[in-house]
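Presented below is the structure to which this report refers.
The values are calculated or read from the model by the stated rules, or taken from the named source; none is laboratory data. Every value quoted in this text rests on a predicted model; they were computed, and no experiment measured them. As a convention, Cβ positions derive from the backbone with ideal geometry for all residues, glycine included, and neighbour counts pool all protein chains shown.
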Amino acid sequence: MRPAVLAAWLLAGSVGMVLARERPPPGASSCAECHAEGAAMGAIDGRPEAEIAAALAEYRSGVRPASVMSRIARGFSEEESRAIAAYLSRQRPAAPETSQERP
Amino acid sequence: MSRTRRAFLATGAAFALGRPALAQAAAKVVVIGGGFGGATAARALHGGGLDVTLVEVNSTYVSCPFSNEVIAGLQPMAAQRFGYEGLARAGIRVVHAAATGIDADARRVTLADGTARTYDRLVLSPGIDLRFDAIPGYDAAAVDRMPHAWKAGEQTLLLARQLAAMPEGGTVVLAVPGNPYRCPPGPYERASLIAHVLKTTKPRAKLILLDAKDTFSKQRLFQSGWKALYPTQLEYVPLAEGGQVTAVDPDAMIVRTDFSDYKADVACIIPPQRAGRIAAVAGVADRSGWCPIDPVTFESRLVPGIHVIGDAAIAGAMPKSAFSANAQAKVCADAVIDLLAGRAPETPKLINTCYSLVAPGYGISIAGVYHPAGGVLADVEGAGGISPVDASMALREQEALHAADWYRTITRQVFG
């Protein structure tokens, strides 16, 4: 763990303040509005980075059949798609009944 | 343990920390409007460590997405209603009062109860106001006879009741405005589902769809569906064939165009619109009635320190949809966090996806990806588009299922 991050975490723990969430790369903040546990689109938070990156590449090239994902994936370069995959792989899946943990 | 802290422990990755610096008070952001845009913005700003107040006059939100299904009796009204307890539970201060004044120089919002709130930055997500000065005869009183049902709630239920009570062989007239307006494919989904009701319960009845334009969202998909499903129920009248409504007479139930007078048993008039009233009060709406914004930060082009998201904003190629409002809210929140921390906001990319039902189990979609270009939000070339026109019924069924699941997921994310 990097010292600055560790310090922020320790301070956050001690004063109980809300820390900023990880900043999603361009485009990634909309994924969770469809992809969720129990939805037909399936949850993708926390899935392996390589698996998400491969899916996005296949949607982009049209190899993998899709409804909207082929149309969306074509809007992102390979580099942007990799950043999205890396970000999503680091997210924890939301609980099925609520998107945020309660205090 | 919070999600954020787990993520820190799990990865040790670098995170952008928003304000506040630990020793000083958090910067204050007021969000006005608790719909898909405002509620999402409040959550994202709060998640960024800011002191957030969400100002929303109503204690219950009624969702427009899926309200066409309520009109057609396919979904209960209860599935459209959302409270603000979820936001309050997340630690967001929710104030149920109307915002009546904005002093952009003093950075202060005045509420109807006489109290005031100061802000470092203000986010407006006021949705739309209906223009009761646009169609002669269609004033605020006319909506009791000729519902617009374009703000979900009592109007939705009124139109549903009118349709259910309509005599066999009756005529429904549905009037659609010119661009821009909330939910571009919405009127055509409404026409589809009303035609479905007529076909299944009053087969001799008819729907006349009067349009103030000649082209519309997902047009080929809707029209091929109409041809297959509702050949005798639905008559489409585009602008070129006299589709523009020039006046209405609510007492006589007559809808006028330059070409004909239509006598209606049920008339749904969707009038032209503008940004919600508080936008004009704040001075962020231009002569069009909508709000010009910077495509990176959603900050008003007219008044610094005020950001506008959702239907009220002029978002270039992005349609006025709940999905767009939600995406814009997150981008705007990140920009607000950056600006308050003295950082330059990142250049965003935004996504929109809109599903419509042509019939129960028959879904179609449009999607787009957008980026700032030439000072506006422009389509990313090569991306986006509509469902295939020649798709199998299996895909239509899948998209209907995706529509329902999107609605369940986004409302849980925003209000849950």
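Can you pull out every residue in segment B:165-210 that is touching a residue at least 60 places away in the same chain (Cβ under 8 Å), assigned to a helix (DSSP H, G or I) and under 30 Å from B:GLY316 (Cα atoms)?
B:GLY186, B:PRO187, B:TYR188, B:GLU189, B:ARG190, B:SER192, B:LEU193
Pull up segment A:45-85, narrow it to residues that are in contact with a Leu (Cβ under 7 Å, 6 or more places away or on another chain) and among the small types (Gly, Ala, Ser), then point me to the one that is farthest from the other protein chains (Cβ to nearest Cβ).
A:ALA85
Report yes if B:TYR362 is surrounded by fewer than 22 Cβ atoms within 10 Å (Cβ to Cβ) and either modelled with pLDDT of 95 or more or more than 7 Å from chain A (Cβ to nearest Cβ) (or both), otherwise no.
Values: surrounded by fewer than 22 Cβ atoms within 10 Å (Cβ to Cβ): yes; either modelled with pLDDT of 95 or more or more than 7 Å from chain A (Cβ to nearest Cβ) (or both): yes.
Considered against the rule, which asks whether it is surrounded by fewer than 22 Cβ atoms within 10 Å (Cβ to Cβ) and either modelled with pLDDT of 95 or more or more than 7 Å from chain A (Cβ to nearest Cβ) (or both), B:TYR362 comes out as yes.
Residues of segment B:302-334 being within 14 Å of another protein chain (Cβ to nearest Cβ), among the aliphatic types (A, V, I, L, M) and more than 20 Å from A:PHE76 (Cβ to Cβ), which ones?
B:ILE309, B:ALA322, B:ALA325, B:ALA329, B:ALA333
When residues of segment A:25-37 are filtered for being touching a residue at least 40 places away in the same chain (Cβ under 8 Å), within 8 Å of chain B (Cβ to nearest Cβ) and in a loop (DSSP other than H, G, I, E, B), how many remain? It would help to see each step written out before you state the result.
The first filter runs over segment A:25-37 and keeps only residues touching a residue at least 40 places away in the same chain (Cβ under 8 Å), leaving A:25-28, A:31-32, A:36-37.
From what's left, within 8 Å of chain B (Cβ to nearest Cβ): A:26-27, A:32, A:36.
Of the ones still in play, those that are also in a loop (DSSP other than H, G, I, E, B) are A:26-27, A:36.
Within segment A:25-37, residues that are touching a residue at least 40 places away in the same chain (Cβ under 8 Å), within 8 Å of chain B (Cβ to nearest Cβ) and in a loop (DSSP other than H, G, I, E, B) number 3.
Residue by residue, here is whether (1) closer than 30 Å to B:ASN68 by Cα; (2) in contact with a Pro (Cβ under 6 Å, 6 or more places away or on another chain); (3) at pLDDT below 95 holds:
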{"site": "B:VAL95", "(1), (2), (3)": "yes, no, no"}
{"site": "B:ALA104", "(1), (2), (3)": "no, no, no"}
{"site": "B:ALA112", "(1), (2), (3)": "no, no, no"}
{"site": "B:ALA116", "(1), (2), (3)": "no, no, no"}
{"site": "B:TYR119", "(1), (2), (3)": "no, no, no"}
{"site": "B:VAL123", "(1), (2), (3)": "yes, no, no"}
{"site": "B:ARG145", "(1), (2), (3)": "yes, yes, no"}
{"site": "B:ALA149", "(1), (2), (3)": "yes, no, no"}
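Which one of the conditions (1) surrounded by fewer than 19 Cβ atoms within 10 Å (Cβ to Cβ); (2) within 16 Å of the chain's Cα centre (by Cα); (3) more than 19 Å from B:ALA327 (Cβ to Cβ); (4) modelled with pLDDT of 95 or more does A:ALA95 fail to meet, given that it meets all the rest?
(4)
Taking B:GLY361 and the conditions (1) on the phi > 0 side of the Ramachandran plot; (2) out of contact with any Asp or Glu (no Cβ under 8 Å at 6 or more places or on another chain), which numbered condition does it fall short on, given that it satisfies the others?
(2)
Looking at segment B:189-207, is at least one residue among the polar types (S, T, N, Q), under 26 Å from the mean Cα position of the chain (by Cα) and surrounded by fewer than 23 Cβ atoms within 10 Å (Cβ to Cβ)? So that I can check it myself, show each step before the final result.
Our first condition is that a residue be among the polar types (S, T, N, Q); within segment B:189-207, this holds for B:192, B:200-201.
When the remaining residues are screened for being under 26 Å from the mean Cα position of the chain (by Cα), the result is B:192.
Among the residues that remain, those that are also surrounded by fewer than 23 Cβ atoms within 10 Å (Cβ to Cβ) are: none.
Within segment B:189-207, none of the residues are among the polar types (S, T, N, Q), under 26 Å from the mean Cα position of the chain (by Cα) and surrounded by fewer than 23 Cβ atoms within 10 Å (Cβ to Cβ).
Just for segment B:113-140: of the residues that are aliphatic (A, V, I, L, M) and touching a residue at least 40 places away in the same chain (Cβ under 8 Å), which one is nearest to B:VAL29 (Cα to Cα)? First the steps, then the outcome.
Kept after step one, since they are aliphatic (A, V, I, L, M), are these residues of segment B:113-140: B:116, B:122-124, B:128, B:130, B:134-135, B:140.
Of the ones still in play, those that are also touching a residue at least 40 places away in the same chain (Cβ under 8 Å) are B:122-124, B:128, B:130, B:134-135.
Values: B:LEU122: 6, B:VAL123: 7, B:LEU124: 11, B:ILE128: 22, B:LEU130: 28, B:ALA134: 35, B:ILE135: 38 Å.
Out of the qualifying residues, it is B:LEU122.
Of all the residues that make up segment B:111-141, how many are within 13 Å of B:THR53 (Cβ to Cβ) and either in contact with a Lys or Arg (Cβ under 9 Å, 6 or more places away or on another chain) or not in a strand (DSSP E or B) (or both)?
Residues flagged as within 13 Å of B:THR53 (Cβ to Cβ) and either in contact with a Lys or Arg (Cβ under 9 Å, 6 or more places away or on another chain) or not in a strand (DSSP E or B) (or both) within segment B:111-141 amount to 9.
Within segment A:56-78, track down each residue that is surrounded by fewer than 19 Cβ atoms within 10 Å (Cβ to Cβ), of a type in the set (Gly, Ala, Ser) and free of Cβ contacts under 8 Å to residues at least 24 places away in the same chain. Spell out how you get there, then give the answer.
Quick first cut of segment A:56-78, residues surrounded by fewer than 19 Cβ atoms within 10 Å (Cβ to Cβ) only: A:57-58, A:61-66, A:77-78.
Next cut, of a type in the set (Gly, Ala, Ser) only: A:57, A:61-62, A:66, A:77.
Within segment A:56-78, A:SER61, A:GLY62, A:ALA66, A:SER77 qualify.
Residues that are more than 21 Å from the chain's Cα centre (by Cα) and farther than 30 Å from B:GLY170 by Cα: which strands (runs of 3 or more DSSP E) entirely in segment B:247-350 hold 2 or more of them? Step through it out loud before you land on a result.
Values: elements: B:254-257, B:261-263, B:266-269, B:273-275, B:306-308.
It comes to none.
Restricting to segment B:65-80, count the residues that are hydroxyl-bearing (Ser, Thr, Tyr) and within 14 Å of chain A (Cβ to nearest Cβ). If you could, list the steps in order and put the result at the bottom.
Residues of segment B:65-80 that are hydroxyl-bearing (Ser, Thr, Tyr), as a first pass: B:67.
Adding the requirement that they be within 14 Å of chain A (Cβ to nearest Cβ) leaves none.
Of the residues in segment B:65-80, 0 are hydroxyl-bearing (Ser, Thr, Tyr) and within 14 Å of chain A (Cβ to nearest Cβ).
I'm told B:ASP334 meets every condition in (1) farther than 23 Å from B:GLY34 by Cβ; (2) in contact (Cβ under 8 Å) with a residue 40 or more places away in the chain; (3) charged (D, E, K, R) except one. Can you identify the failing condition by its number?
Checking B:ASP334 against (1) farther than 23 Å from B:GLY34 by Cβ; (2) in contact (Cβ under 8 Å) with a residue 40 or more places away in the chain; (3) charged (D, E, K, R), the one that fails is (1).
Have a look at B:GLY91, B:GLY83, B:GLY101 and point out the one that is touching a strand residue (DSSP E or B) at 6+ places or on another chain (Cβ under 7 Å), within 14 Å of chain A (Cβ to nearest Cβ) and surrounded by fewer than 18 Cβ atoms within 10 Å (Cβ to Cβ). Steps first, please.
Values: B:GLY91 fails: touching a strand residue (DSSP E or B) at 6+ places or on another chain (Cβ under 7 Å); B:GLY101 fails: within 14 Å of chain A (Cβ to nearest Cβ).
Being touching a strand residue (DSSP E or B) at 6+ places or on another chain (Cβ under 7 Å), within 14 Å of chain A (Cβ to nearest Cβ) and surrounded by fewer than 18 Cβ atoms within 10 Å (Cβ to Cβ) holds for just one of B:GLY91, B:GLY83, B:GLY101, which is B:GLY83.
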